[in-house]
Amino acid sequence: MTELKTDRFYINGAWVKPLGDTMMDVINPATEEVFAEVAMGALADVDAAVAAAKAAFPSFSRTTKAERLDLLASIREVYQRRYDEMSALITEEMGAPISLSDRAQAAVGIGHLDGVVKALEEFEFEYPNGPGDLIVHEAIGVCGFITPWNWPINQIALKVIPALAAGCTMVLKPSELTPMNALLYAEILHEAGVPKGVFNLVNGDGPGVGAAISAHPDIAMVSFTGSTRAGVEISKAAAPTVKRVTLELGGKSPNVLLDDCDFEEAVKRGVRHCFQNTGQSCNAPTRMLIPESHYETAMEIAKEVAEATEVGLPSQTGNHIGPLVSQMQYDRVQSLIQVGIEDGARLVAGGLGRPEGFNRGYFVRPTVFGDVTNDMRIAQEEVFGPVLAMISYQDDAQAVEIANDTPYGLAAYIQTGASEESKARGLAMARDIRAGMVHLNGSDISYGSPFGGYKLSGNGREGGEYGIEDFCEIKAISV
């Protein structure tokens, strides 16, 4: 692995010194030890990056679709060559077990690129509308990207790749908790031949760099993934310049088990999915809705799965879960487990503190709560840890009501029986649930399908055709 330029920013095709001298520790969440220091930027660094992107926009926005497809192919080739480096960095800085990094965390950098390439090949940037009108999709301009730590390269790729496909230039601020994979990605883009000024990277925190990007008058669009609270602040900062803002925010996704599904299989799959990535996924199925007649049995199965879930070091291969990303996240998860206990939920498995055998690292116990009502905080607030809330319901109508009784609307999950009638029943329920993505029977959306949600889960869609469209202005020309 090459040594990353942690004391530099990538601006105008070169690694440049920051204009300030502030550095920040990068901590391994499994050991709580510092393994790197990265430079932290400020407004002046953002100004320099935006100026480079603004200067590069006229020429890059006029490149042909064929030229941009060639560029994406080159990025794919270099990314694939440096795949193992990407996987190892995500494991070290974020705590994802190496098997998960290999299988999913790093893999999405290829998958999302392939989804965008497929969409770009078919995308019509100009087409006639009626006898005399021409509809034109044009790159929106300079874009600002603010990305999270939980699926770091996933969200970087979901912004950078469609923006390049549309002909935009950009400035990226990755999470200060997981900056290393972004530095490597900048090297990949440079090696792949992305023209200077098209992609720029400035590390920093929200108040120092994120706010500067959000309010910058020369940035035409901000795309943010993270907490709903931060998304609201970004929208406020962007409002005076009336720039486009797309947001992919939190979730509290329901997982509805219909009364004729295979309960043992459905509960096991649901608990494991909730715990995947140590529960640090915005679309995790964190509310399991079970018919009253199966509720006690479902809790017994969930208890067995939780107690069998292994917690281990990220460096070890296997299907275990790793630590949370930071001390702050650890404290938040602990506080919400305590809230669940105080609010009267039944602690089915797990609970407070570290798992047995761990005296350091941000490791938590896989936790299941039963006797949860949907008005409890653990049913309404995004915990972002391996914590499942199990809620009973009486009939399909009440299940939909509970599923929709949340400020979020990112994803939903439905488990049906094997008959066509049951699958049709599940599909009807999917249409009634207010969420951007609904998954039936363990399915997942394909690369290139739109990722995003309703309500406080955000606006805009990422991936494929819809992701490219988000980075375009639409012009009507009458002839």
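Sequence gap at least 6, Cα distance under 8 Å: using those rules, report the relative contact order of the chain to the nearest whole percent. Present the calculation step by step, with values, prior to reporting the outcome.
Numbers: 1111 pairs, mean separation 92.5, N = 479.
Contact order relative to length: 19 percent.
Projected area of the stretch 275-368, taken from the Cα convex hull and averaged over every viewing direction, in nm²? Intermediate values should be presented prior to the final figure.
Details: hull surface 26.7 nm².
Directional mean of the projected Cα hull area for the stretch 275-368 stands at 6.7 nm².
In whole Å, how far is the Cα centre of the stretch 1-58 from that of the stretch 160-208?
Taking the Cα centre of each part, the stretch 1-58 and the stretch 160-208 sit 10 Å apart.
At q = 0.09, 0.13, 0.15, 0.18 Å⁻¹, what log₁₀ I(q)/I(0) does the stretch 152-296 have when each alpha carbon counts as one equal point scatterer in the Debye sum?
So the normalised log intensities work out to -0.41, -0.71, -0.84, -1.04.
Just name one of Val311, Thr406, Pro285: the one whose Cα is farthest towards the positive end of the charge dipole of the stretch 254-446 (beta-carbon charges, Lys/Arg +1, Asp/Glu -1).
In the stretch 254-446, that residue is Val311.
Binning at 5 Å from 0, report for the stretch 431-479 what percent of all alpha-carbon pair distances ends up in each bin.
5, 17, 20, 22, 16, 8, 6, 4, 2, 1, 0
Just to check, using Stokes-Einstein with a Kirkwood Rh over alpha carbon pairs, what's the diffusion coefficient of the stretch 394-470 at 20 °C and 1.002 mPa s in µm²/s?
Answer, rounded: 161 µm²/s.
Under a cut-off of 19 Å between alpha-carbon atoms, report the aspartates and glutamates in cross-link reach of Lys303, not counting same-chain residues fewer than 8 places apart.
Result set, ordered by chain and number: Asp262, Glu264, Glu265, Glu292, Glu356, Asp371.
Return one quarter of the surface area of the convex hull spanned by the alpha-carbon atoms of the stretch 98-209, equal to its mean projected area, in nm².
Numbers: hull surface 34.8 nm².
Its average projected convex-hull area is 8.7 nm².
In degrees, nearest 10, range 0 to 90: what is the angle between the Cα axis of helix 108-122 and the longest Cα principal axis of the chain?
The answer is roughly 60 degrees.
Give me the percent of DSSP beta bridges within the stretch 254-446 that run antiparallel, rounded to the nearest 5. Numbers along the way, then the final one.
On the way: 3 of 22 bridges.
Bridges in the stretch 254-446 are about 15 percent antiparallel.
Beyond a 31 Å Cα-Cα separation, which of these cross-linked pairs lie in this structure: Lys118/Lys236; Lys236/Lys475; Lys5/Lys118; Lys5/Lys159? Write down the numbers at each step before the final one.
Numbers: Lys118/Lys236 35 Å; Lys236/Lys475 27 Å; Lys5/Lys118 33 Å; Lys5/Lys159 23 Å.
Result: Lys118/Lys236; Lys5/Lys118 exceed 31 Å.
Angle between the Cα long axis of helix 65-81 and the longest principal axis of the chain, 0 to 90 degrees, nearest 10?
The helix 65-81 is inclined about 60 degrees to the chain.
Figure the gain on full extension for Glu421 and Thr63 (residue separation times 0.36 nm, minus the Cα-Cα span) and round it to one decimal in nm. Display every interim value, and only then the final one.
Numbers: separation 358, 0.36 × 358 = 128.88 nm, distance 5.07 nm.
Net length gain for the segment: 123.8 nm.
Quick check for me: using +1 on Lys/Arg Cβ and -1 on Asp/Glu Cβ, what's the dipole size of the chain about its Cα centre, in debye to the nearest 20?
Numbers: 38 positive and 63 negative charges, 214 e Å.
Computed about the Cα centre, the dipole is about 1020 debye.
Expressed in nm to one decimal, what extension gain is obtained for the pair Trp15 and Asn359 from 0.36 nm per residue of sequence separation less their Cα-Cα distance? Write down the numbers at each step before the final one.
Working: separation 344, 0.36 × 344 = 123.84 nm, distance 3.95 nm.
Full extension of this stretch gives 119.9 nm more.
Would you report the distance distribution of C-alpha pairs in the stretch 254-446 as whole percents per 10 angstrom bin, up to the bin with the largest distance?
For the stretch 254-446, the pair-distance distribution reads 10, 39, 36, 14, 2, 0.
Quickly rank 371-381, 405-415 as a protection proxy: mean count of other C-beta atoms within 10 Å, highest first.
Peptide ranking by packing, descending: 405-415, 371-381.
Can you check what the Kirkwood hydrodynamic radius comes to for the chain, Cα pairs only, in Å to one decimal?
About 23.1 Å for the chain.
Report, in degrees rounded to the nearest 10, the 0 to 90 angle that the Cα long axis of helix 263-275 makes with the longest principal axis of the chain.
40 degrees
Treat the count of other C-beta atoms within 10 Å as a stand-in for reagent exposure and order Asp102, Asp84, Asp470 from fewest to most.
The most exposed by this proxy come first: Asp84, Asp102, Asp470.
Could you work out the per residue convex hull volume over the alpha carbons of the stretch 36-187, in cubic angstrom?
119 Å³
Which parts of the stretch 195-214 would a label at Glu37 reach, counting a residue when its backbone N lies under 19 Å from a point 7 Å out along Cα-to-Cβ?
Output list for this probe position: 203-205.
Run the numbers for Thr317 and Val232: contour at 0.36 nm per residue of separation, minus the present Cα-Cα distance, in nm.
26.7 nm
What whole-number value in cubic angstrom gives the convex hull volume per residue for the C-alpha atoms of the stretch 74-153?
It is 127 Å³ per residue.
Return the inverse of the average 1/r over all pairs of distinct C-alpha atoms in the stretch 191-238, which is the Kirkwood hydrodynamic radius, in Å to one decimal. Don't skip to the end; give the middle numbers.
Working: mean 1/r = 0.0825 Å⁻¹.
One decimal place: 12.1 Å for the Kirkwood radius.
All of the numbers you see were taken from the coordinates with simple rules; none came from a lab. Just so you know, these numbers come straight off a predicted model, no measurement behind them. As a convention, Cβ positions derive from the backbone with ideal geometry for all residues, glycine included, and neighbour counts pool all protein chains shown.
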